[in-house]
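First up is the structure itself, then whatever we jot down about it.
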Amino acid sequence: MTLSASVDLTIRDISTGTRAGSTCTTDLLTAPWDVDVSPGYGPGASMADPIPATAPRQGELPQRYRDATADELDARVRAAKSALGDRVVVLGHFYQRDEVVQYADYVGDSFQLANAAKARTEAEAIVFCGVHFMAETADLLSGPAQSVILPNLAAGCSMADMASIDQVEECWEQLTELYGTQPDAQGRVPVIPVTYMNSSAAIKGFCGRNGGIVCTSSNAETVLEWAFERGQRVLFFPDQHLGRNTAKHMGVPLERMPMWNPARPLGGNVHEQLDDARVILWQGFCSVHKRFSVAQIEKARAEHPGVRVIVHPECPMDVVDAADEYGSTDYIRKAIEAAPAGTTFAIGTEINLVQRLAAQHPEHTIFCLDPVVCPCSTMYRIHPGYLAWVLESLVDGEVVNRISVADDVAEPARVALERMLAAKPKA
Ligand code: SF4
C-alpha cells in the first residue's frame, strides 16, 4: 500500500511547517512509548477524557525497537511476518495509521475483523492492530488454541471506558428495584440492555446474562427493533449518540430518551421520566466523532457547492440531522465506491479512514469535515515499533500482550453476540 494517505506524515509536515494546516496538539509527534509512561489516553481526540484507574498500562518497549528507524522497523516486521507465515494473521482497523495498516492481512471495522480472525483457523496468533475491546471480541470469536495479541495494551477506547461493569450493574440494580423483572401482558420485560460493539467484554457478558444483545453501527436499527419487541424500555450503552440517532430515525420522540448519568441517583432522572422512557441513553460518547459540527457542514457546503456530506452515527444528533446521509464506516466506504466519478464528499469520521479513502479514490474529491488533524488517540498508540516487538516475540516462541477473556465473562458475552447475529435486518 502507498503511504500517500499517511496521517502521520501529514502531522509531521504540519508540525514542521512544511504544509499548511493545524493539529489538535503538538504532542502528536511524541512516540507512543514516551506517552505510555504517564496515565491518560495520549495525544489525539480522547486526550482530555478521564481515564479509569483500572485501564491497562503498557510495559516498557525494549530499547532496540524504540531506537530503530522506520526502515529498520519495516524490515523487522516484514521478516517476522514472513518467518511466521500462516501461523499469524495481522488485522488492521479502518482508523489505524497507514504505517501499521500496510502490514495487515485484513482491514475493516471491529466486527469484520473479528470475523476475519474467526475464519483463519490455522493462525495460532491474531495480532489485532486496533483497540482493547476489539481484541476482546476477536478472542470471544476465535478458537481456544488461538492467542489474540494487542500490540500496545494502552490502546483502549475512551468511549468503551465510559461504561464500567460496576456502573452498569449499579444502574441495573436501580432499574430492577423500580420495575422488577416480570413481563407485561404483551410478554415484554421492563428493560432490555443493548450494548454497542464498542464496549468491554464484561458489558457484553452483562447483556448476555440479562436477556440483552450487542449491536454495531451497521445493524443498530435491526437490533433496536429486536429489543423493542421484547422490552418496554431499552437501556443503551455506552454511546448516547448512536442510540439517539438510531431511535430518532425509528420514530422514538426525544422526550422518551432520557440520559443516564452513572454518577447520579437514577442517572439524574426523576421516576416519571424513566417510566415513560423507550430508550435510556448512557452518557457516553466518542471524542473523535464529537468533534464534528454543523458549522463545519455549512462551511463545506459554502466552499464546495454540491458536496455530499456523510457522517458516522457516533456524531451528535444535530450533525447527523444536518448531513445528507449517515452510516457506519462500511456504509461510507460503499457509498464512495458506488458514486459517479467526480463526486465531492465531506466525511465525518476518523481522519485515517478519510485520508485513505481519498488516496484510494482519486476519481473523487474526498476530505474530512474537521479541518483540524486529530486522530483517535487510542488507535494512535499502535506503532510499527510495537508491531515489530510482538511479531519478533512470536518468532522467538513468546506470546506477549495476550488479550484473554475469562470463561465466566466469555460465555454470556458470546450469547449476546449470537443474538445479534440472529437478529435479521428489515426486508
Ligand atoms: S474512534 Fe472513538 S469509539 Fe473508536 S476507538 Fe477511538 S475513541 Fe473509541
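The values are calculated or read from the model by the stated rules, or taken from the named source; none is laboratory data. Quick caveat: nothing in here was measured; it's all calculated off a predicted structure. Because the Cβ atoms are built from the backbone with ideal geometry, glycine has one as well, and the counts that use them run over all protein chains shown.
For the stretch 100-115, filtered to residues that are in a helix (DSSP H, G or I) and surrounded by fewer than 20 Cβ atoms within 10 Å (Cβ to Cβ), the residue that is nearest to the ligand (Cβ to nearest atom) is Q112.
Checked against (1) in the same structural domain as T195 (by TED's automatic domain parsing); (2) within 16 Å of the ligand (Cβ to nearest atom); (3) not small (G, A, S), I351 passes all but condition (1). Among the residues making up the stretch 241-282, a single one is among the β-branched types (V, I, T), buried (at least 17 other Cβ atoms within 10 Å of the Cβ) and without any contact (Cβ under 8 Å) to a residue 40 or more places away in the chain: V252.
Each row is one residue, and each column tells you yes or no for (1) surrounded by 24 or more Cβ atoms within 10 Å (Cβ to Cβ); (2) within 16 Å of the ligand (Cβ to nearest atom).
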{"site": "Y179", "(1), (2)": "no, no"}
{"site": "V214", "(1), (2)": "yes, yes"}
{"site": "S217", "(1), (2)": "yes, yes"}
{"site": "V223", "(1), (2)": "yes, no"}
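Residues in the stretch 130-149 that are within 18 Å of Y386 (Cβ to Cβ) and either in a loop (DSSP other than H, G, I, E, B) or in contact with a Pro (Cβ under 8 Å, 6 or more places away or on another chain) (or both): G130, V131, H132. Checked against the criterion of being within 18 Å of the chain's Cα centre (by Cα) and of a type in the set (V, I, T), the stretch 249-266 has no qualifying residue. If you go through the stretch 56-99 and keep only what is part of a loop (DSSP other than H, G, I, E, B) and surrounded by fewer than 16 Cβ atoms within 10 Å (Cβ to Cβ), you end up with P56, R57, G59, E60, P62, T69. The criterion of being over 17 Å from R419 (Cβ atoms), assigned by TED's automatic domain parsing to the domain that holds E418 and within 16 Å of the ligand (Cβ to nearest atom) holds for S200. When restricted to residues that are modelled with pLDDT of 95 or more and farther than 23 Å from V288 by Cα, the stretch 32-59 contains 0.
Among the listed residues V131, V148, identify the single one that is away from the ligand (no atom under 16 Å from the Cβ), modelled with pLDDT of 95 or more and β-branched (V, I, T). When all the criteria are applied, what remains is V148.
One residue alone among T30, T26 is of a type outside the set (A, V, I, L, M) and loosely packed, with under 12 Cβ neighbours inside 10 Å, and that residue is T26. Checking V37, V89, V77 one by one, the residue that is more than 16 Å from the ligand (Cβ to nearest atom) and over 28 Å from A114 (Cα atoms) is V37 and no other.
Total residues in the stretch 1-34 satisfying the condition of being over 20 Å from F94 (Cβ atoms), touching a helix residue (DSSP H, G or I) at 6+ places or on another chain (Cβ under 7 Å) and not small (G, A, S): the figure is 6. Restricting the stretch 278-295 to residues that are polar (S, T, N, Q) and more than 9 Å from the ligand (Cβ to nearest atom), the residue that is nearest to C368 (Cα to Cα) is S293. Exactly one residue among A338, A358 is touching a residue at least 60 places away in the same chain (Cβ under 8 Å) and away from the ligand (no atom under 16 Å from the Cβ), and that residue is A358. Only one of the numbered conditions (1) assigned to a helix (DSSP H, G or I); (2) in contact with a strand residue (DSSP E or B) (Cβ under 8 Å, 6 or more places away or on another chain) is not met by E272, and that is (2). Counting only strands (runs of 3 or more DSSP E) wholly contained in the stretch 164-250, the ones carrying 1 or more residues that are farther than 25 Å from V320 by Cβ occupy 189-196, 231-237.
Scanning the stretch 47-74 for residues that are touching a helix residue (DSSP H, G or I) at 6+ places or on another chain (Cβ under 9 Å) and within 16 Å of the ligand (Cβ to nearest atom) yields a count of 7.
If I14 meets every condition in (1) in contact with a Gly (Cβ under 8 Å, 6 or more places away or on another chain); (2) within 16 Å of the ligand (Cβ to nearest atom); (3) of a type in the set (V, I, T) apart from one, which number is that one? The one condition I14 does not meet is (2).
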